[in-house]
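I have placed the structure first, in the form of structure tokens, so that the comments after it can refer back to it.
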Amino acid sequence: MTRAVKRTTHQGIREAIRARIISGEWKLGERIPGEVALAEEYGCSRTTVNRALQTLAQEGMVERKRKGGTRVRPLPTSQAQFRIPIMREQVESRGHRYSHRIESREVRVPPMAIRKQLELPDNDPAAYVESLHLADGKPFAFEKRWVNLGSVPAFSDADLSHESANEWLVRHVPFSRGEVRLSASAANAKQARLLGTDKGAPLFTMHRLTWFEERTITAIELSFAPGYEITFGV
């Protein structure tokens, strides 16, 4: 499908291609159409497309190889320093069988605190998902996640039946930076019920916010079942 752009300058083409990558149209590591095809699609010269792709390559969003075409960068440079963990891998690394269950999924206007985090206008909706991650069928972690649909519109139709929201976003959407806050919190009634503990029990909780350049991607609250341990290398 042809994407209309306001200008056929290399900056306009660059932003159009960037938007398609962020939306998940091309997955991480996937080869994108060649310069000739893109030039025909956008009604511009091949040189203009080349300049746009060169800029995206310099930014680390795509990688270009002679005779190998252009691919969405499978692991952006920033992820080598800040890697978002995949819950399935965390569970399986402990020798358990992973599964997940969607407790709630909807699109609605977030509360004010989340709107500020995601930098959303007052009436803009976002996707909201509550997921329970399981290890051998037992509660491992409870996740509450907001996704900025302005940055990731494809998430609205994402199939989360076999792949968690966490894994879908990591595999489909590049990011450039993130913030993580760790804390101890007291389990509320819902967390206690889902995680199989008592109300008021201490939980290890993680809050994470990620961006791609200046666009927010997702904000999550992840509460782990009692007994969870985290190990850091030094």
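The values are calculated or read from the model by the stated rules, or taken from the named source; none is laboratory data. The structure displayed is predicted, hence computed values, not measured ones. Quick reminder, even Gly has a Cβ in these numbers, built from the backbone with ideal geometry, and neighbours come from all protein chains shown.
ALA154 meets all of the listed conditions (1) in a loop (DSSP other than H, G, I, E, B); (2) closer than 19 Å to ALA19 by Cβ but one, namely (1). In the set (1) modelled with pLDDT of 95 or more; (2) surrounded by fewer than 21 Cβ atoms within 10 Å (Cβ to Cβ), the condition left unmet by VAL129 is number (2). For segment 15-55: of the residues being of a type in the set (A, V, I, L, M) and in a loop (DSSP other than H, G, I, E, B), which is farthest from GLU167 (Cα to Cα)? By that ranking, first place goes to ILE32. Taken over segment 135-149, the criterion of being in contact (Cβ under 8 Å) with a residue 60 or more places away in the chain and farther than 17 Å from VAL170 by Cα is satisfied by LYS138, PRO139, PHE140, ALA141, PHE142.
The selection criterion, being out of contact with any strand residue (DSSP E or B) (no Cβ under 9 Å at 6 or more places or on another chain) and closer than 24 Å to ASN188 by Cα, does not hold for PRO139.
Tell me whether segment 44-55 contains one or more residues that are of a type in the set (A, V, I, L, M, F, W, C), at pLDDT below 85, crowded, with 16+ Cβ neighbours inside 10 Å and within 23 Å of the chain's Cα centre (by Cα). No: zero hits. Of ARG208, ARG181, all but one fail to be touching a His at 6+ places or on another chain (Cβ under 6 Å) and either of a type in the set (A, V, I, L, M, F, W, C) or in the same structural domain as SER131 (by TED's automatic domain parsing) (or both); the exception is ARG181.
Applying the condition of being hydrophobic (A, V, I, L, M, F, W, C) and out of contact with any Gly (no Cβ under 9 Å at 6 or more places or on another chain) to segment 50-76 and asking which residue is nearest to LEU169 (Cα to Cα) yields MET61.
Rundown of residues vs (1) closer than 19 Å to SER131 by Cβ; (2) over 12 Å from the mean Cα position of the chain (by Cα), yes/no style:
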| position | (1), (2) |
| --- | --- |
| ASN166 | yes, no |
| HIS172 | yes, no |
| ALA201 | no, yes |
| LEU209 | yes, no |
| ILE220 | yes, no |
| PRO226 | yes, yes |
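PHE142 fulfils the conditions (1) closer than 12 Å to SER99 by Cβ; (2) buried (at least 23 other Cβ atoms within 10 Å of the Cβ) except for a single criterion, (1). Among the residues making up segment 24-62, those that are touching a His at 6+ places or on another chain (Cβ under 9 Å), of a type in the set (Ser, Thr, Tyr) and touching a residue at least 24 places away in the same chain (Cβ under 8 Å) are THR48, THR55. One residue stands out among those in segment 180-199 that are under 15 Å from SER131 (Cα atoms) and in contact with a Leu (Cβ under 8 Å, 6 or more places away or on another chain): the one that is surrounded by the fewest Cβ atoms within 10 Å (Cβ to Cβ), which is LEU194.
With respect to (1) modelled with pLDDT of 95 or more; (2) in a strand (DSSP E or B), the lone exception for LYS190 is condition (2).
Filtered by the rule that a residue be free of Cβ contacts under 8 Å to residues at least 12 places away in the same chain and within 30 Å of ILE21 (Cα to Cα), segment 184-234 gives a lone residue, GLU214. Of all residues in segment 75-95, those satisfying the criterion of being modelled with pLDDT of 50 or more and outside any helix (DSSP H, G or I) are LEU75, PHE82, ARG83, ILE84, PRO85, ILE86, ARG94, GLY95.
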